[in-house]
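Peer 1: Encoded as structure tokens, here's the structure I'll be asking about.
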Amino acid sequence: MVRAVWAVLRRLSCEVPSALKPNIPVSGRAAALWSRPVRTPITTCRRVLSRMPEITTDHLDEKQVQLLSEMCILIDENDCKIGADTKKNCHLNSNIDKGLLHRAFSVFIFNSEEKLLLQQRSDAKITFPGQRHTIKLPGLASALIGKVFNHLLCVCVCVCVCVCLYTGCFTNTCCSHPLHTDSELEEKDAIGVRRAAQRRLKAELGIPMEQVTPDEMTYLTRIHYKAQSDGVWGEHEIDYILFMQKDVELSPEPNEIKSHCYVSKEELKEMLEKAKRKELEITPWFSLIAETFLFKWWDNLQNLKQFMDHNNIHRM
């Protein structure tokens, strides 16, 4: 039986080499790999997977790729400005491993019932998306359909296709970066960061800008953290924590946000427990904040001044 299976696979490698080409454009070294004769599907898959370029945006959402050209603010570990670089370069693990660090913010909006507004990141997001389906060698399954028996197809898919699935990736109200522009570079009382937060609350959640003015945001403190999203993309940020309590109008942008909800403290604690059991995903920065400071701050929404610390950076 095994010998017969391999015979069919060898025959397929000769009959459908064009069908095995990727659905996304490839060039250079990767294109050369796809043009080579296929000897056996399993060994070929292993060779291509190990030699495909690490960094490509061809398979990513077009709108999110356009945002990768935005210029972020580069900083040192003391949050002093040292330059600018693209969002793409700031989020590549290869650069993060060399110490590249940028400025960011996390907004927490509470309604009049003291419930926290959460968002589930869209599937289109590049780092920590709502649901990821990473498939190596796209088109392989379709090339085999009709060529082999169903059980043989299952064997091929299991061996040759690497699938990574997760659902969830909830986070706080809004998380993003101030840009390297005059208005968002201004540092006094973190006004530049608060302006950036106002801009992104409109872009992601559709909140009218007049409902989330910088003056209404309380800048509490900063955290410094690093986290990998996958083998290519990650985060390395000094994150400004901004709080606000207000009932706001929402009109979420689907390319940014998959879903949203208001949660009580008890409901968020339940979500954190589910995340520990791998039943849902929570972004690493939100998890760090929730496990350390969040509930203490939440208990004191009317008296946040006692927690304002603009001198220290909390290393997480």
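The values are calculated or read from the model by the stated rules, or taken from the named source; none is laboratory data. Everything quoted here is computed from the prediction, not taken from an experiment. Cβ placement follows ideal geometry from the backbone for every residue including glycine, while neighbour counts extend to all protein chains displayed. Each accessible area value is taken on the protein alone, full model and side chains, heavy atoms only, with ligands, DNA and RNA left out. Shrake-Rupley method; radii C 1.70, N 1.55, O 1.52, S 1.80 Å.
Peer 1: For residues that are out of contact with any strand residue (DSSP E or B) (no Cβ under 6 Å at 6 or more places or on another chain) and not hydrophobic (A, V, I, L, M, F, W, C), scanning just the range 220-235, find the one that is surrounded by the fewest Cβ atoms within 10 Å (Cβ to Cβ).
Peer 2: GLY231
Peer 1: Could you grab the pairs with beta carbons closer than 9 Å, sequence gap of 6+ or different chains, first residue in the range 94-119 and aromatic (Phe, Trp, Tyr), second one open to solvent by 40 Å² or more (accessible area, probe 1.4 Å)?
Peer 2: Pairs that qualify, where the first residue is aromatic (Phe, Trp, Tyr) and the partner is open to solvent by 40 Å² or more (accessible area, probe 1.4 Å), are PHE110/GLN245; PHE110/LYS246; PHE110/TYR262.
Peer 1: Something else now. What is the residue count in the range 191-230 for residues that are aliphatic (A, V, I, L, M), over 24 Å from ARG315 (Cβ atoms) and assigned to a helix (DSSP H, G or I)?
Peer 2: Count: 5.
Peer 1: Among (1) loosely packed, with under 15 Cβ neighbours inside 10 Å; (2) more than 18 Å from the chain's Cα centre (by Cα), which single condition is PRO254 missing?
Peer 2: Only one criterion in (1) loosely packed, with under 15 Cβ neighbours inside 10 Å; (2) more than 18 Å from the chain's Cα centre (by Cα) is unmet by PRO254, namely (2).
Peer 1: Moving on. If a residue has to be under 20 Å from HIS260 (Cα atoms) and of a type outside the set (A, V, I, L, M) to count, how many in the range 198-248 make the cut?
Peer 2: Residues in the range 198-248 being under 20 Å from HIS260 (Cα atoms) and of a type outside the set (A, V, I, L, M): 12 in total.
Peer 1: Specify the residue that is surrounded by the fewest Cβ atoms within 10 Å (Cβ to Cβ); the eligible residues are those in the range 196-210 that are aliphatic (A, V, I, L, M) and over 13 Å from PHE108 (Cα atoms).
Peer 2: If we take residues in the range 196-210 being aliphatic (A, V, I, L, M) and over 13 Å from PHE108 (Cα atoms), then MET209 is surrounded by the fewest Cβ atoms within 10 Å (Cβ to Cβ).
Peer 1: Could you check the range 21-112 for helices (runs of 4 or more DSSP H) lying wholly inside it with 1 or more residues that are exposed (fewer than 12 other Cβ atoms within 10 Å of the Cβ) and modelled with pLDDT under 70?
Peer 2: Result: 28-35, 41-51.
Peer 1: Given the conditions (1) open to solvent by less than 20 Å² (accessible area, probe 1.4 Å); (2) of a type outside the set (Lys, Arg); (3) modelled with pLDDT of 95 or more, report the number of the one that LEU144 does not fulfil.
Peer 2: (3)
Peer 1: Could you list, in sequence order, all residues of the range 205-241 that are at pLDDT below 95 and out of contact with any helix residue (DSSP H, G or I) (no Cβ under 8 Å at 6 or more places or on another chain)?
Peer 2: Passing the criteria: SER229, ASP230.
Peer 1: In the range 156-163, is there at least one residue being modelled with pLDDT under 95 and open to solvent by less than 20 Å² (accessible area, probe 1.4 Å)? Spell out how you get there, then give the answer.
Peer 2: First pass over the range 156-163, keeping only residues modelled with pLDDT under 95: 156-163.
Filter again for open to solvent by less than 20 Å² (accessible area, probe 1.4 Å), leaving 156, 160.
Yes; the residues of the range 156-163 include at least one that is modelled with pLDDT under 95 and open to solvent by less than 20 Å² (accessible area, probe 1.4 Å).
Peer 1: Could we say that GLU249 is open to solvent by 30 Å² or more (accessible area, probe 1.4 Å) and assigned to a helix (DSSP H, G or I) here?
Peer 2: no
Peer 1: If you don't mind, another one. Among all residue pairs at least 6 apart or on different chains, which show Cβ distances below 6 Å where the first residue, located in the range 182-200, is touching a residue at least 12 places away in the same chain (Cβ under 8 Å) and over 10 Å from ASP215 (Cα atoms) and the second is part of a helix (DSSP H, G or I) and open to solvent by less than 10 Å² (accessible area, probe 1.4 Å)?
Peer 2: Listed pairs, sorted by first residue: GLU184/GLY192; GLU184/ALA196; LEU185/GLY192.
Peer 1: Okay, next question. Does the range 259-275 include one or more residues that are within 30 Å of SER94 (Cα to Cα), part of a strand (DSSP E or B) and open to solvent by 40 Å² or more (accessible area, probe 1.4 Å)?
Peer 2: no
Peer 1: Kindly indicate whether TRP285 is at pLDDT 95 or above, surrounded by 12 or more Cβ atoms within 10 Å (Cβ to Cβ), out of contact with any His (no Cβ under 9 Å at 6 or more places or on another chain) and not in a loop (DSSP other than H, G, I, E, B).
Peer 2: Judged against the criteria, TRP285 is not a match.
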